[in-house]
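Laboratory data are not the source of any read-out in this text; all were calculated from the coordinates shown. Source: prediction; values computed, not measured. For neighbour counting, all protein chains shown are included, and Cβ atoms are generated from backbone atoms with ideal geometry for every residue, glycine included.
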Amino acid sequence: MLPVAAVLPGQSILVNGQKVDLPMVPVMVLTGEGIGISDLEESDTLGIIENSLGIETAMDKDIKLKAPKRQGIYPVTFMDKDKKKTTISIVVLVPSSKIKDGKINNYKIGTYPERNKKTYGKPVGFIEVTEENRDVLLTPHFRLGQFLCKQEGSYPRYLVLKSSLLIKLEKILEKYNIASSEKAKTFFIMSGYRTPYYNLAIKNVKFSRHIYGDAVDFYVDNNNDGYTDDLNGDGKIDKKDLDVLKKIIEEMDSNGTYKRLIGGMGTYRANSRHGPFIHVDTRGYKARW
């Protein structure tokens, strides 16, 4: 697994060799995994100024951390010589080996179908979601609880969520807000992670990207009425309102800058249960429907 961290525009921070231009992004790791943070500019140094790992404040251009032994979310804030701050949240996962009889702590997961391991491999671990951490911001505009599976069950619950999906959603939101006169604080996530158990129960396709934690169905709902907003201003709520999002996603998937975020996109009409919505994922290759 290759964790990623976030950087503010203008900063040159790498985490395990990956650069991302966001001020806040989670790093998904298993217990004991190493995390290397470095600055591309040799003259620059990074300082840990706030953290929940009990690390002493340090200044260096190369900082090595080790994931805690306990599952949970551990934010660490760095500051460079120009006093620009970057926060990463080290998310220590519950390993998949903890699944017993299709459950983790009585929460139903089900059985992952077997296919190409590179694209459809069983997750290495799950995020444990509690009533205390469900509202934690993982990126500037998206909270952990937004991606929970809709199946019934008490806390703790468990989900798979890829950093690549969060980064892609942040980029789509950023570009949407540039193009729109009415800014959105977040997207409404209609469907995020689905356990294989739930995916089977709703009779969805066997290898849905939702079970791998890199797919969402979403729409813009600034007035919080539970429906897609009238994005094109024609006085109607229909599939045409998704065109602005489709254009943004298509441009991103055709841009080499976002190559590692490439994936599927599909649009869906309204029915008696919901309004129109759009699907996006980061499966690694372009797919359209």
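Here are the numbers for this structure:
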| quantity | calculated |
| --- | --- |
| For region 88-103, Karplus couplings with θ = phi - 60° (6.51, -1.76, 1.60), whole Hz, Gly/Pro x | 10, 10, 7, 9, 8, 7, 7, x, 4, 5, 7, 6, 10, 6, x, 9 |
| Between region 240-281 and region 187-230, the alpha-carbon center distance in angstrom | 13 |
| Long-range amide H partners of L93 with built H, under 5 Å | V29, L30, T31 |
| Farthest toward positive dipole pole in the chain [+1 Lys/Arg, -1 Asp/Glu at C-beta], among M24, I104, V136 | I104 |
| Region 122-132 - phi-based ³J(HN,Hα) in whole Hz, Karplus 6.51/-1.76/1.60, Gly and Pro as x | 4, x, 6, x, 10, 7, 8, 10, 10, 5, 7 |
| Spread of Cα-to-Cα distances over 5 Å intervals beginning at zero, given as percent, for the chain | 1, 5, 12, 16, 17, 16, 14, 10, 6, 2, 1, 0 |
| Simple spin-label estimate for E182 and T119 in nanometres, 7 Å along Cα-Cβ | 3.8 |
| Extension gain (nm, one decimal) between N271 and K98, 0.36 nm per residue minus Cα-Cα | 58.4 nm |
| Antiparallel %, DSSP beta bridges [both residues in the chain], to 5 | 85 |
| Under 23 Å from K150, Cα to Cα: lysines that are on another chain or at least 8 residues apart | K98, K100, K103, K108, K122, K162, K168, K185, K203, K206 |
| The chain - charge dipole about Cα centre, Lys and Arg +1 at Cβ, Asp and Glu -1, debye rounded to 20 | 1340 |
